[in-house]
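See below for the structure under consideration.
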Amino acid sequence: MIDKLIIAQNYIPPGVVVPASGPALTLGRSRDLLVTISNYLIIFSVIFAVIFIVWSGISYMMAQGGSTDDAKKKLTNAIIGTAIVLGVGLIIRTIASLITQQFFCIGIFGC
């Protein structure tokens, strides 16, 4: 009798979709997810920007005294793009810290 009760408790009828379970989404966890995602995006963007900077440097050297306008434009755009990405990363981290009220939890003041 007990075996049948245990089986009945674990039985899921066909066609019934069981929602996925996981840890609750708290403010701290949402901040961690936001910071993790932004870190990966920033790392990818900075790597991409370095590739563009190197490419513009190679284009500048390959011009051999000819028109270097294209290479200068690539370099300028790569530097501006890097500054924008780093600025957005700073804004995302600031917003994440303000949402969880941990903005002023630095050093000896710990929260």
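The values are calculated or read from the model by the stated rules, or taken from the named source; none is laboratory data. Just so it is clear, the structure is predicted and the values come from calculations on it, not from any experiment. We place every Cβ from the backbone using ideal geometry, glycine too, and count neighbours over all the protein chains shown.
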Within segment 18-75, the count of residues that are surrounded by 15 or more Cβ atoms within 10 Å (Cβ to Cβ) and part of a loop (DSSP other than H, G, I, E, B) comes to 1
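Residue by residue, here is whether (1) of a type in the set (Gly, Ala, Ser); (2) in contact with a helix residue (DSSP H, G or I) (Cβ under 9 Å, 6 or more places away or on another chain); (3) at pLDDT 80 or above; (4) within 30 Å of residue 27 (Cα to Cα) holds:
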{"position": "57", "(1), (2), (3), (4)": "yes, yes, yes, no"}
{"position": "60", "(1), (2), (3), (4)": "no, yes, yes, no"}
{"position": "70", "(1), (2), (3), (4)": "no, yes, yes, no"}
{"position": "76", "(1), (2), (3), (4)": "no, yes, yes, no"}
{"position": "85", "(1), (2), (3), (4)": "no, yes, yes, yes"}
{"position": "97", "(1), (2), (3), (4)": "yes, yes, no, yes"}
{"position": "104", "(1), (2), (3), (4)": "no, yes, no, yes"}
{"position": "110", "(1), (2), (3), (4)": "yes, no, no, yes"}
Condition check: part of a helix (DSSP H, G or I), more than 12 Å from the chain's Cα centre (by Cα) and without any contact (Cβ under 8 Å) to a residue 60 or more places away in the chain. Does residue 87 satisfy that?
yes
